[in-house]
1. For residues that are more than 21 Å from Phe6 (Cα to Cα) and not polar (S, T, N, Q), scanning just segment 32-44, find the one that is surrounded by the most Cβ atoms within 10 Å (Cβ to Cβ).
2. Looking only at segment 14-31, filter to residues that are outside any loop (DSSP other than H, G, I, E, B) and not small (Gly, Ala, Ser); which one of those is least open to solvent (accessible area, probe 1.4 Å)?
3. Could you check segment 45-67 and list, in sequence order, the residues that are free of Cβ contacts under 8 Å to residues at least 24 places away in the same chain and closer than 21 Å to Arg4 by Cα?
4. Does Thr49 satisfy the criteria of being polar (S, T, N, Q) and open to solvent by less than 90 Å² (accessible area, probe 1.4 Å)?
5. Only residues that are without any contact (Cβ under 8 Å) to a residue 12 or more places away in the chain and open to solvent by 100 Å² or more (accessible area, probe 1.4 Å): list them for segment 1-13, please.
Amino acid sequence: MGSRLFDGVSPQVIAELVALMKPQRVRKGTLLCKQGEVGDQTWFLLSGTADVLLETGGGGARRLGTLGPG
């Protein structure tokens, strides 16, 4: 994996987590979560990118960064 998120987690536990995951394709521009909302999912990017935006008021947003696979 390209992330250190699971460092120290046993292979058995990782296999159990992977078995619970459900791959999902999303179209470009799809909102995955919104600032201020309580999340109920975790997203792992296998391909493509996702922008992290900060709402600035008046309907505007500033991009804080772009995430990629891993």
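The values are calculated or read from the model by the stated rules, or taken from the named source; none is laboratory data. This one's a predicted model, so the numbers in the text were calculated from it and none came from an experiment. Note that each Cβ is placed from the backbone with ideal geometry, even for glycine, and that neighbours are counted across all protein chains shown. Surface areas here come from the heavy atoms of the whole protein model, side chains and all, with no ligands, DNA or RNA. Shrake-Rupley method; radii C 1.70, N 1.55, O 1.52, S 1.80 Å.
1. That would be Cys33.
2. The extreme case among them is Ile14.
3. Result: Leu46, Ser47, Gly48, Thr49, Ala50, Asp51, Val52, Gly65, Thr66, Leu67.
4. When the stated conditions are applied, Thr49 does not pass them.
5. Arg4, Leu5, Pro11, Gln12
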